[in-house]
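Here's the structure we're looking at; comments come further down.
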Amino acid sequence: MRPLARKIVLTQGVIILLVFGVSLFTWWQMIDASNRAERLQAEYHLGTNLEQLVAEMRDIGLSRAFYFLGKKGGDKDLTRLQESFYLSLERIAHTIDELALQSGPRADLAGLVDILRRRLDEYQLMVGQQELAFLRSEDLTYQRSDTRASELRQDMLERTRDHRRERQAAMTREINALGQRADRAAGLALGFCGVALVVGLLAAYGLTRSIHRPVRDMRAATEAISRGEFDRRIPVHSRDELGELALAFNEMAARLQELDELKVGFVSMVSHDLKTPLTSMKEAVEMLSEGVGGDLTVRQKRLLTIASESLDRLGRYVQGILDLGRIEGGHIQLVREPLSLTAIVKEQVSLAEARCQEVGVDLRCALEQDLPPLEGDRFRLAQVVNNLLDNAIKFTPREGRIEVRTGVQPWDDDLGIYLEVSDSGIGIAARDLRHIFEKFYQAPTDSRGKVRGAGLGLAIVRHLVEAHSGRVTVESVPGRGTTFRVHFPAARRQAGDQVLAG
């Protein structure tokens, strides 16, 4: 069995055993309580029969007395008195028989039944002798029989009463013991349930945590890989299937990182090698445009203009690749100084106005003049603004609108400033927003005939903003436009000079 499956089965087995143990203990207590209840019921019936026997012994004494008094007084209704007396004798004999059935293996009750039977037989014999002596007028025999019959009845009555008191005391003790046992069983059951609950929760928590933590780490690492962070690794916490999956993921990430480094190195090398030829080609085109090679026709001038624009665009791509490579490699040093974000934005907006007019886009500004100073690198901050404006112009249709704003905002517990660039362009789909700042990523949207970029501008923006201890966010509604918002802490919250890192 695999380790993870064994862990799950073991946890489930512990929980099942705990539930079975609590159920078995409860069943055992219920069986014990049922047995004790049956014994108490038997004791109750025994006590009832003993009470009945005591009452019948009192009745037989009165019946015998009335019977012989009636004989002496010449009572004509002796039949009724005789029937009552002998009926009482039958009831006593029947009750003694019931006690004999209830005695079972109990020696004390069996001994009492044996004595009561002998005493009842002797009592009946004395009553017969008493009646015979009465008929023969033998007063001395009558008196002796009467005395002995009274002694026998009194002996049976006292023995029955003693045993009844013993049984009542035993039943009281049994009830008290049952109550104590019930309390103890309830406490033990509650304790077992508590222990089972705690152990079950701990086992379930341990199993859940052992599964959830690797899955959570894997999810976070997968999201990081999807953002291009190929140096992300998953810590291996176990040797089960999840641990094996983490190792396989780390191997995949290492391979992707190696391929990405090869790609970046190759692109940087090619871009660097292209820079010098592009510069030479640019200079050659400019010289030809100036007529160094002779007079040019209108068609030749137009072709040279197209070539110059294409070389400029290609040069920007090459420069962007080189900049991004240096940023990710940590080879750019920020030259920090107190700056006005509004002044930098004004400068870049003035440079972008001509292009906006050319493509028929309305560029508007709402800039706060009294912003707190921002400590940063002038050139890199200008690059951030320029890249955002360039992105907005690229994806805003003719007669569209671009708005640029700056202002003050809270930053944690202090003061911060922001730059906002909004456009009424084609927008970005929600599924693409999370990838928009990744290098070489281009959202699959229709640029309506405009030139697409290389997917480097926004990646450079994110790196440069984070290098200034800031953050950049984006909101977009497809078909209605996009808003990029850059947040910076005020100058007093900035750290000292730092090396830009990817």
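What follows is calculated from the coordinates using simple rules that are stated; it is not laboratory data. Not measured: the values here are computed from a predicted model. With ideal geometry, Cβ positions are generated from the backbone for all residues, glycine too; neighbour counts draw on all protein chains shown.
Here the 3J(HN,Hα) profile of the range 168-184, calculated from phi with Karplus coefficients 6.51, -1.76 and 1.60 at θ = phi - 60°, is 5, 5, 5, 5, 4, 4, 5, 5, 4, 5, 5, x, 5, 5, 5, 4, 5 Hz, Gly and Pro shown as x. In terms of other Cβ atoms within 10 Å, 411, 28 run from fewest to most in the order 28, 411. Couplings 3J(HN,Hα) for the range 255-263, derived from phi with the Karplus relation 6.51 cos²θ - 1.76 cosθ + 1.60 (θ = phi - 60°), are 5, 5, 5, 4, 5, 5, 5, 4, 5 Hz, where x marks Gly and Pro.
Cα gyration tensor of the range 212-268, axes a ≥ b ≥ c as square roots of the eigenvalues: rounded (a/c below 1.5), prolate (a/b > b/c) or oblate? Prolate, since a/c reaches 1.5 and a/b exceeds b/c. When each of 476, 137 is scored by the number of other beta-carbon atoms lying within 10 Å, the sequence from fewest to most is 137, 476. Dividing the Cα radius of gyration of the range 333-493 by 2.2 N^0.38 Å, with N the residue count, gives 1.00. For the range 214-219, backbone phi angles converted through the Karplus equation (6.51, -1.76, 1.60; θ = phi - 60°) give residue-by-residue couplings of x, 5, 4, 4, 5, 5 Hz, Gly and Pro being listed as x.
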